[in-house]
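Reading through the structure tokens given below for one structure.
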Amino acid sequence: MSRIVDRRLNGKNKSAVNRQKFIRRFRKQIKKAVTDAASQRSITDFDKGESVSIPNRDISEPFFHHGKGGKREQIYPGNKEFQTGDKIPRPQENTGKGQGKEASNEGEGVDDFIFELTREEFLQFFFEDLELPNLIKTKLTTITETKKVRAGHTSDGIPTNINVIRSLTGAMGRRMALRAPYRNRLKEAVDELNELLKQYEKTDQVIIDLQDEILRLENKIKNIPYIDTFDLRYNNFTDRPTPTTQAVMFCIMDVSGSMGQAEKDMAKRFFMLLYMFLTRNYEKIQVVFISHHTVANEVDEETFFYSRETGGTVVSSALKLVTEIIQDRFPTNDWNIYIAQASDGDNWQNDSTTCKHLLNEKIMPYVQYYAYIEITEDRHQNLWQEYLTLKNQWDNFDMQRIEHLNDIYPVFRKLFQKREHGN
Amino acid sequence: MTFILCLENFFRSVSMATKPISNTSEWTFDLIDQYHNEIERIAGNFNLDTYPVQLEIITAEQMLDAYASIGMPIGYTHWSFGKEFVRNQKRYQRGQMGLAYEIVINSDPCIAYLMEENSITMQALVIAHAAYGHNSFFKNNYLFTTWTSADSIIDYLLFAKNYVSQCESRYGTEQVELILDSCHALKNFGVDRYKRPAKLSLQEEQSRQKEREEYLQSQVNDLWRTIPTKDLDSNSDKPACFPSEPQENILYFIEKNAPLLEPWQRELVRIVRKIAQYFYPQRQTQVMNEGWATFWHYTILNQLYDEGLASDGFMVEFLQSHTNVVYQPEFDSPYFSGINPYALGFSMMSDLRRICEHPTDEDRKWFPEFAGSNWQATLDTAMRNFKDESFIGQYLSPKIIRDFKLFSILDDDKQKEIEVSAIHNDAGYQHIRETLSDQYNLGSLEPNIQVHNVDIRGDRSLTLRHTQYHRIPLDESANEVMKHAAHLWGFNVRLETVSPDGSIVHTFVCEQ
């Protein structure tokens with residue numbers, strides 16, 4: 001007859017597909033809304049969803065229905081003072097509404113259609129048609145990374161890998177097996193001896209022979225070794241290739257006197273964007289902060305963004321530090337390396353060529369991508385000129401200039417926009 | 001066996017008469033089962049004829065899902081359902097919208113959803129309202145029995161869902177979406193208003209679908225054959241008119257005759273129009289259906305109380321909710337949004353019972369045929385044989401008109417002012433009854449647009465004809481709909497607006 005079914009454990013996201021379709025359908029509008037929202041948003045709270053609004057007219061579904069005008073008669077409840085034949089001036093709104101049913105729905109609905117994007121969806125749109133240069137290449141190379149995994153046991157190996165339990169159980173089995181024939185014979189001999197003792201004297205030859213045999217058997221049993229080399233079992237390991245997606249991101253910033261708080265702030269925003277972008281592509285990301293004036297230091301995040309130092313600028317000091325850190329801690333076949341450098345472009349005159357050589361020989365061959373942003377409103381400085389030649393030489397080198405806060409996102413997009421893979 | 005069951009029910013009602021089923025607001029499966037048994041018994045005593053009931057407990061999220069797919073448990077996927085979902089979700093989270101207490105599916109067995117968050121009182125209310133009220137309406141109202149097949153709708157929806165997803169993988173999501181968008185724009189014009197549609201069945205659909213594809217295509221090819229035949233040439237002094245008579249079902253006409261559609265596209269058109277057809281009766285019986293269900297939950301739960309099975313607390317909660325449901329704001333209230341179908345329907349159903357049980361002289365004058373008769377039989381007849389338009393035309397009593405203080409406003413754009421054409425007095429009853437009845441006539445609510453002509457020997461353009469009703473023009477979104485129509489048809493589509501005297505007042509052409 002009647003049934004009660006508990007459906008609560010059935011999936012609740014039945015509408016997820018339709019929601020996805022909706023988002024895909026209006027991606028152009030949503031993208032625009034996301035871009036607008038992004039420009040108003042502080043970079044630090046980029047890490048959450050966003051409510052997005054789309055003009056209602058864009059998403060309405062048209063159907064044939066009556067418009068305003070013509071002659072229509074409508075019944076209303078709640079008459080108070082009207083008499084038949086009363087003439088009333090036409091009210092401004094609500095005239096010619098077909099059936100009033102929709103009115104309540106449309107109450108709030110006249111303006112835009114607003115809905116929530118999740119954080120993932122937001123970032124998806126935000127970073128859409130951006131990509132990490134050279135990502136494919138590194139993915140292929142990082143496949144060679146291997147991991148040791150257990151693979152049963154072997155009979156030879158190094159002492160540290162001895163599996164004690166396996167080895168001892170093996171030894172015990174061997175001992176029992178080897179002992180068995182002597183034991184049986186020993187038991188028989190002892191029984192026999194007891195029988196014979198009833199008939200013969202202890203000095204009789206039969207007794208002495210039997211006692212000799214018993215002694216021999218007991219010695220044989222005693223001489224079976226407790227553990228033998230072929231009892232030993234070793235834990236076996238084999239190499240299994242595992243793809244790793246890990247990246248290190250170097251943030252290099254000029255903290256010399258010429259960089260003011262405003263410039264640093266812009267640099268910070270740029271680094272944040274890059275960091276979020278990388279987290280979408282790599283499981284594990286390390287960030288290394290290097291600040292420099294005439295000497296370079298690896299610092300923590302707090303110091304990096306907020307300490308102020310003064311002095312001249314020697315960019316190559318930072319680049320040298322980068323090469324050292326890479327050699328020490330980030331073997332290039334395991335790590336995808338991204339470097340972002342922010343500076344006002346001011347550098348000690350002769351140092352710029354040193355930088356160029358350093359980059360050419362020690363850095364560019366090993367990194368996935370090197371982005372340089374120049375934060376200044378003045379004309380280009382000497383570092384820019386030197387870097388220009390690098391840009392022509394290396395595909396994975398790019399540089400842009402940021403003048404205002406508003407430039408950050410466009411510049412970021414320009415640096416990471418999808419490009420044809422020529423080679 | 002049935003006898004024993006009845007006896008058991010009888011004893012239970014007697015022995016438990018002093019003890020309410022529950023005293024708290026928490027529900028348990030056991031309590032729901034007990035209330036359901038009692039409600040079932042009472043409904044049976046009132047001779048409600050229903051499909052078997054299946055109650056399903058769902059969460060609020062699942063209710064939102066169900067909303068988005070027009071209440072059906074399955075459906076094909078489309079962005080518009082996603083939009084609906086996103087909209088409801090947002091409004092629900094903001095607290096702008098409470099969820100409906102119930103969704104009930106016109107299927108056999110009749111599936112009624114009970115939401116987890118509701119109290120036991122609300123669950124009982126929903127069971128009485130949906131699982132017995134709506135259920136019996138679905139099973140017996142003439143529109144539903146002739147136009148929908150409760151036993152096969154779920155199967156058909158499953159077929160539709162699978163077919164659409166097959167098309168998506170074979171022809172691409174975008175192509176499918178384009179067709180569905182266009183069909184949705186015309187779905188209100190994809191119903192037969194007079195012809196009885198064929199029964200739906202999953203197996204038949206699947207087996208016949210292939211045949212149908214081939215057959216349909218051959219028919220279409222035949223219609224659009226460009227090789228001139230001899231006898232056609234000899235008759236060609238008078239241009240052939242196709243279709244020979246205007247067609248009201250535009251989607252059907254497109255499915256059968258559009259020159260360029262692929263077979264799978266025709267099948268999609270068919271799916272949209274079949275589902276539109278299934279919902280067509282619901283759109284025509286809103287007042288009656290809700291009125292009937294509300295009347296029965298009120299009657300059944302009161303009976304429950306009279307028998308001592310419902311506590312006072314239960315009744316207070318129920319009555320509060322019931323009162324909200326049947327509240328009719330007046331026209332000048334900020335909450336006014338048209339006539340509340342629950343309020344009007346419930347009042348009319350209750351009024352029918354009153355007219356049967358305690359008729360006044362006025363009732364005897366207005367309703368001589370049933371005043372003072374058996375109320376259950378009268379209500380049953382009304383439920384079975386009417387739709388909103390005819391139900392109001394037949395049964396709206398002067399008392400209801402007075403209770404609601406109904407008045408009618410004539411809004412003619414040729415006049416400077418609007419006019420009160422009738423109020424709730426002797427002179428106005430008849431007029432108000434007719435006007436309100438017309439207000440529920442889909443034929444006058446929706447523009448009358450029909451397929452008029454196809455230029456088969458010329459540019460293959462399709463001409464739709466809009467016959468104006470009281471000079472009411474089409475909304476400007478019609479231009480967008482025309483684009484969809486042209487997309488389906490594949491050639492130019494022309495929309496002519498015709499005044500009642502037959503002259504064409506406006507023509508709109510959508511070039512393909």
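Per residue of B:466-475, what is the mean number of Cβ atoms on other protein chains within 10 angstrom of that residue's Cβ?
Working: counts 1, 0, 2, 4, 6, 4, 10, 6, 5, 9.
Partner Cβ neighbours, averaged per residue: 5.
Return the average number of partner chain Cβ atoms within 10 angstrom of each residue Cβ along peptide B:416-425.
Numbers: counts 3, 5, 9, 7, 9, 6, 5, 7, 3, 3.
Mean shielding count: 6.
Counting partner chain Cβ atoms within 10 Å of every residue's Cβ in B:402-409, what's the average?
Values: counts 1, 1, 5, 6, 5, 11, 7, 9.
What the average comes to for B:402-409 is 6.
At B:Glu357 and B:Asp459, where each label point lies 7 Å from the Cα along Cα→Cβ, what is the point-to-point distance in nanometres?
6.7
Helix-only estimate, please: 222 nm mean residue ellipticity of chain A, summing -39500 (n - 2.57) across DSSP H runs of length 4 or more and dividing by its residues, to the nearest 500. Mind showing how you got there, number by number?
On the way: 14 runs with 176 residues, N = 423.
After summing the helix terms and dividing by residue count, I get -13000 deg cm²/dmol.
Highest mean first, how do A:347-359, B:381-393 rank when packing is the count of other Cβ atoms within 10 Å averaged over residues?
Numbers: A:347-359: 17.5, B:381-393: 20.1.
Ranking, from highest mean packing down: B:381-393, A:347-359.
Near the amide H of B:Gly308, under 5 Å away, which other amide H atoms are found, from residues 5 or more places off or on another chain, if H is placed in the peptide plane?
Here the answer is none, since no amide H 5 or more places off falls under 5 Å of that of B:Gly308.
What is the diffusion coefficient of region A:159-237 in µm²/s, taking the Kirkwood radius over Cα pairs and the Stokes-Einstein relation at 37 °C with a viscosity of 0.692 mPa s? Please report the intermediate quantities before stating the final value.
Numbers: Rh = 14.9 Å.
Estimated diffusion coefficient is 220 µm²/s.
In deg cm²/dmol, rounded to 500, what helix-only [θ] at 222 nm does chain B give when every DSSP H run of at least 4 residues adds -39500 (n - 2.57) and the total is split over its residues? The partial results should precede the final answer.
On the way: 23 runs with 276 residues, N = 512.
Calculated at 222 nm, the ellipticity per residue is -16500 deg cm²/dmol.
To one decimal place, what orientation-averaged projected area in nm² is obtained for the convex hull of the Cα set of the protein assembly as shown? Working shown, then result.
Details: hull surface 295.2 nm².
For the protein assembly as shown, the mean projected area of the Cα convex hull comes to 73.8 nm².
Just to be sure I understand the curve: with the Debye formula and one point per C-alpha of chain B, what is log10 I(q)/I(0) at q = 0.05 Å⁻¹?
Debye curve over Cα of chain B, log10 I(q)/I(0) at q = 0.05 Å⁻¹: -0.25.
Write down the percent of antiparallel bridges among all DSSP beta bridges whose residues are both part of region B:447-510, to the nearest 5. Intermediate results must be reported in sequence, preceding the final value.
On the way: 12 of 18 bridges.
So the antiparallel bridges in region B:447-510 amount to around 65 percent.
Can you bin chain A into rounded, prolate or oblate? Criterion: square roots of the alpha carbon gyration tensor eigenvalues sorted a ≥ b ≥ c, rounded for a/c under 1.5, prolate for a/b above b/c, oblate for the rest.
Oblate.
Grab the beta carbon distance between A:Ile207 and A:Asp156, set R0 = 51 Å, and tell me the FRET efficiency rounded to 0.05. All intermediate terms of the calculation are to be shown ahead of the outcome.
Values: r = 49 Å, r/R0 = 0.97.
Efficiency at R0 = 51 Å is approximately 0.55.
Would you work out the charge dipole size for chain B about its Cα centre, treating the Cβ of every Lys and Arg as +1 and the Cβ of every Asp and Glu as -1, and quote it to the nearest 20 debye? Don't skip to the answer; put the middle values down first.
Numbers: 46 positive and 70 negative charges, 173 e Å.
That gives a dipole near 820 debye.
Longer than 19 Å from Cα to Cα, which of A:Lys14/B:Lys83; A:Lys187/A:Lys222; A:Lys14/B:Lys210; A:Lys31/A:Lys414 are they? Say none if no pair is.
Where the Cα-Cα span goes over 19 Å, the pairs concerned are A:Lys14/B:Lys210.
Which distance in Å, rounded to a whole number, links the C-alpha centroids of region B:139-161 and region B:298-350?
The distance from the Cα centre of region B:139-161 to that of region B:298-350 comes to 30 Å.
Values in this text are rule-based calculations from the coordinates and carry no lab data. Source: prediction; values computed, not measured. Neighbour counts are summed over all protein chains in view; Cβ atoms, including those assigned to glycine, are modelled from backbone coordinates with ideal geometry.
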